[in-house]
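Participant: I am attaching a structure below and will ask some questions about it afterwards.
Derivation of every value follows stated rules applied to the coordinates shown; laboratory data play no part. No experiment lies behind these values; they were computed from the predicted model shown. Glycine gets a Cβ as well: all are built from the backbone with ideal geometry, and neighbour counts include every protein chain shown.
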Amino acid sequence: MTDPVTEEPKVTQDDPRVVSRRWMLLKLGVLINAAVGVAVAFPVVRYLLAPVKRKGAYNSWVTLGPVDQFPMGETRLATYLNPVNEPWDGDTAKTPCWVRHIDQSTFQVFAINCAHLGCPVRWFPQSGLFMCPCHGGVYYADGSRASGPPERGMFEYKYRIVGNELQISAGQLPTLSTEAKNVFRVLNNEKGRGPCAG
Amino acid sequence: MRWLKQIYNWVEFRLQLQAPVEEAVLHPVPRNTASWWYVFGSAAFTLLMLQIVTGILLALVYVPSAANAWNNLEMLNHDLPLGWFLRGMHFWGSNFMVAVVLIHMAQVFLFGAYKFPRELTWIIGVFLLLMTLGMAFTGQVMRFDQDAYWGLGIGASILSRVPLIGGPLVHLLIGGPIIAGATLSRFFALHVFIIPGTLLILVAAHVWMVLKLGINDWPMPGRPVRRATYMAEYHRLSHEDGFPFFPAAFWKDLIFSGAVLAAVAVCAAVFGPYGPTGFPDPTIIQTVPKPDFYFLWLYAVLAYLPPELETPFILTVPLLAIAFLVALPFFAGEGEKSWHRRPVAVLVLATVAVAFGVFTHLGTFTPWSPIMNAWSSDTVPEKFLHELSPLERQGAVVFQAKQCRNCHSLDHVGGQRGPALDDVATRLTEDQLIRQVLQGGGNMPAYGKNLSPAETTALVKFLVTLHPPGQRPATNAAGPPTAELNPPAKQ
């Protein structure tokens, strides 16, 4: 068997045939692969970025049920099916939220996710507080920050009443940059301090 | 046996692996590297192999679907013969791997092994640590229980703090608008393809460099590393006072790896697999999500950060820490290796280890979190109710009903978010108590809107009784003498 390596000395860069032809062909090969690479990269990147959509694209109006399901002066847990969902989501497509019925047609609908790091906050009607089990964030009944690590109040959904139904604009996990309302609003005047902090 | 030899020769003539393998295992290493301190790297490698094998075995059965993963794991735990044991091996293997990788890193740091010429080995090691933690986090997601679901929420909330591109990053991380099927699919891909693939390539480079550059010689005080002379010194050391790596040093690696594997198997058999915890239904909000032990320290740090510091800390400190680790061999690439001559290094390591231990310990009992059911499950201990007036007793009822116990303990029972109130009356006067209850402050919510004047009066009257027998309650120094206002404590 001939070892191709032993023929190496013949192929030098000074060899006019190699320089003019084989090196140029090699470069052509590299160029073709680079062009194909770039062409294929575009759809790959587009595919990978599929979950990224413009602001509000995921949101739509979902109903939380008839208004009289939420007694006035009380805060109740409501759940809805996320408008964007797949059959393999199972129960994770369900989303809870807190509905506070203030008066006749005034509501506040809060995201379940703590404004700190997204854990599920619980409502305690006796003390009128929302408390978070993870890092100890606490909010007042109106969603404003009471104490703990959150730097702002709870996330709120936009709502409307259609006929007798309470509807909210929902669709994405509320976080500091993907807010339920898609508007930045710091509920607290004194950032990082309770409204009554002495 | 002659036919066996013939087969070997036939294969070896074509494969030609014998020479490089012999060179790798028989290369001389300094005698002083055959130490029990040098076994953690190989143990980490063994654990990685164990994780790959047990991971593949689990992947034969696992269904990466948000709708079915949880039930699938329950089936693995209870219905499939010894499925629980394999889950246990994979879980305990991951715990051991994180621990062994951290010990390995601490040892390498303490022994100055990151210095010339092993800088790149260290840098790749830093990324191996990050990959290991990445495997740990994505592995936790595979359990797809309540902890995994809300843990993903924490991850998304952290990413959302990135300026400008926070929103897109959140959607990229969870693969859509909410944590759901797409999230599990992409974390499955990360956990079984992307991170392990990268991990294997980096491990190959890491081990290759250990073979090529030699094992770090035992650090001796007064024998500093110099770029100009180190290679020759190491060569002399390994040839004049050395022996072949195999078997002279290798037997210790082998025994320790075997012991670690045995420990993993014993833990799996005795303690079994972990989880899945609660069903991943986001509408079940009666849950207290918690990360696995290796992220408990982070959980604690995130609870203790002041709100103003949170975002700057999250966005800069991890990057600075990684940058520091990567830069370490460049600003400390030469000089003393021995810990006897590196007090700063020893101090840094001790500080990090103690901080890690303390935060992890705090993470196990989360004193910063309200105890959600303390108000209804932990009654006011009887001793605090003796000889109280009806009004004061009414105050004790208000104290329970308004969930004060969720954050304040009495007789060591209750939340630890706020101070224990066993002797609160010795610290605050009646007026101060009224102000504190109504207006809050110092991390306490204001209760003004949620207490009627009658409730406030009763509550504060009860709080004023909370002082040790024989110790007088706090008084207003500007006011009249206290003996007339507040009688001494009741026994």
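Participant: A:A57 versus B:R236, label points 7 Å from Cα toward the beta carbon: distance in nm?
Facilitator: Those two pseudo-labels are separated by 6.7 nm.
Participant: Residue by residue through the stretch A:41-54, what is 3J(HN,Hα) from phi via Karplus (6.51 cos²θ - 1.76 cosθ + 1.60, θ = phi - 60°)? Round to whole Hz and write x for glycine and proline.
Facilitator: Result, ordered by residue: 4, 4, x, 5, 5, 4, 4, 5, 8, 3, x, 7, 10, 5 Hz.
Participant: Work out the P(r) tail for the stretch B:27-365: percent of alpha carbon pairs separated by more than 38 Å, whole number.
Facilitator: Summing the P(r) of the stretch B:27-365 above 38 Å gives 22 percent of all pairs.
Participant: Got a sec to turn the phi values of the stretch B:169-177 into Karplus ³J(HN,Hα) couplings, 6.51 cos²θ - 1.76 cosθ + 1.60 with θ = phi - 60°, whole Hz, x for Gly and Pro?
Facilitator: 4, 4, 5, 5, 5, 8, x, x, x
Participant: Once phi is turned into ³J(HN,Hα) by the Karplus curve 6.51 cos²θ - 1.76 cosθ + 1.60 with θ = phi - 60°, what whole-Hz value does each residue of the stretch B:54-65 show in order, with x for glycine and proline?
Facilitator: 5, x, 5, 4, 5, 5, 4, 10, 4, 10, x, 10
Participant: How much FRET efficiency would the formula 1/(1 + (r/R0)^6) give for B:A401 and A:L48, where r is the Cβ-Cβ distance and R0 is 60 Å, rounded to 0.05?
Facilitator: Working from the Cβ atoms, E equals 0.65.
Participant: What per residue convex hull volume, in Å³, comes out for the stretch B:374-485 when only alpha-carbon positions are used?
Facilitator: 107 Å³
Participant: State the three equivalent ellipsoid semi-axes of the protein assembly as shown, derived from the C-alpha gyration tensor as the square roots of 5 times its eigenvalues, in descending order and whole Å.
Facilitator: With the √(5λ) rule applied to the protein assembly as shown, the semi-axes are 58, 34, 24 Å.
Participant: Going by amide H atoms built from the backbone, whose H comes under 5 Å of the H on A:I102, apart from near neighbours?
Facilitator: A:G73, A:F107, A:Q108
Participant: Pull up all non-local amide H partners of B:V225: gap of 5 or more, or a different chain, and H-to-H distance under 5 Å with H placed in the peptide plane.
Facilitator: Long-range HN contacts for B:V225: B:G335, B:E336, B:K337.
Participant: Another question about this same structure. Classify the stretch B:1-138 from the C-alpha gyration tensor, please: rounded if a/c falls under 1.5, else prolate or oblate depending on whether a/b exceeds b/c.
Facilitator: oblate
Participant: Over the whole of B:442-451, what's the average partner chain Cβ count within 10 Å per residue? Rounded to a whole number, please.
Facilitator: Per residue, the average neighbour count from other chains is 6.
Participant: Then there is this: What number, in percent, do you get for the relative contact order of chain B if the mean sequence gap of Cα pairs under 8 Å and at least 6 apart is divided by its residue count?
Facilitator: 18 percent
Participant: Amide H neighbours of B:L428 under 5 Å, counting only residues 5+ apart in sequence or on other chains, H built in-plane at 1.01 Å?
Facilitator: Long-range HN contacts for B:L428: B:A474.
Participant: Next question. Would you mind putting B:40-46, A:158-164 in packing order, based on average other-beta-carbon counts within 10 Å, highest first?
Facilitator: Final packing ranking: B:40-46, A:158-164.
Participant: Further, regarding this structure: Given B:K252/B:K290; A:K94/B:K449; A:K27/B:K212; A:K94/B:K290, which pairs have Cα atoms separated by over 30 Å?
Facilitator: Checking Cα-Cα distances, B:K252/B:K290; A:K94/B:K449; A:K27/B:K212 exceed 30 Å.
Participant: Give or take rounding to whole Å, what are the principal axis extents of the alpha carbon atoms in the stretch B:111-238, in descending order?
Facilitator: Projected onto its principal axes, the Cα set of the stretch B:111-238 covers 61, 30, 21 Å.
Participant: Along Cα→Cβ, 7 Å out, is where each label goes; now give me the distance between the ones at A:K27 and B:F13 in nm to one decimal.
Facilitator: Taking the simple label geometry, A:K27 and B:F13 are separated by 4.6 nm.
Participant: Find the Cα radius of gyration of the stretch A:60-170, compare it with 2.2 N^0.38 Å by division, and give the number to two decimals.
Facilitator: Rg over 2.2 N^0.38 Å, computed on Cα atoms: 1.06.
Participant: Taking every pair of Cα atoms in the stretch A:76-137, average 1/r, invert it to obtain the Kirkwood radius, and report Rg/Rh to two decimals.
Facilitator: Rg divided by Rh gives 1.03.
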